[in-house]
Amino acid sequence: MKDLYQETVTKNRSDIAKLAVEIARKILNWKTSAGDYSIQEVIEEALKRAPTRQELVVHVNPEDLPRCQELQQELPDSQFAELNLVADPSIARAGCLVETPKGIVRSFVKEHLDRIAEALEKAQ
């Protein structure tokens, strides 16, 4: 039975990885649609990858903008309060695009899942 299990997993590793990513995609899409995410955490994680901390313009989905503006009011002494926020309908909910004078940082659920799928595919 153990050998059959190993053989099945080995033969179907790619399909298992694709299925796992698709399950994650569906769960994240459901949570995003329900507003069950922290836009603050999404933006802060993107800011960690920004090449500079000056003249930042953060594009967010128009539905996320009000929460971002609330956070700016709630955190007046933080870097978050200094961000120039822009409503951008091309940005999906729970995502952002950070513009800096030295480059752009993207944080999109779809791209994160695509990178995970690619890494799982290469790991085989």
All but one of (1) within 19 Å of the chain's Cα centre (by Cα); (2) among the acidic types (Asp, Glu); (3) more than 15 Å from residue 100 (Cα to Cα); (4) part of a helix (DSSP H, G or I) hold for residue 70; state the number of the condition that does not hold.
(1)
If I filter the range 31-63 down to residues being of a type in the set (Asp, Glu) and in contact with a strand residue (DSSP E or B) (Cβ under 8 Å, 6 or more places away or on another chain), which single residue comes out as farthest from residue 107 (Cα to Cα)?
55
Pair list, Cβ < 9 Å and 6+ apart or interchain, from the range 1-28 residues that are touching a residue at least 12 places away in the same chain (Cβ under 8 Å) to residues that are among the polar types (S, T, N, Q)
13/124; 14/124; 17/124
Condition met for residue 43 (surrounded by 11 or more Cβ atoms within 10 Å (Cβ to Cβ), at pLDDT 90 or above and touching a Lys or Arg at 6+ places or on another chain (Cβ under 6 Å)):
no
Inspect the range 24-38 for any residue being closer than 30 Å to residue 7 by Cα, among the aliphatic types (A, V, I, L, M) and outside any loop (DSSP other than H, G, I, E, B) and give the result as yes or no.
yes
Looking only at residues that are of a type in the set (D, E, K, R), surrounded by 12 or more Cβ atoms within 10 Å (Cβ to Cβ) and in contact (Cβ under 8 Å) with a residue 40 or more places away in the chain in the range 51-109, which one is nearest to residue 25 (Cα to Cα)?
93
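The values are calculated or read from the model by the stated rules, or taken from the named source; none is laboratory data. The structure displayed is predicted, hence computed values, not measured ones. Virtual Cβ from ideal backbone geometry, glycine too; neighbours counted across all protein chains shown.
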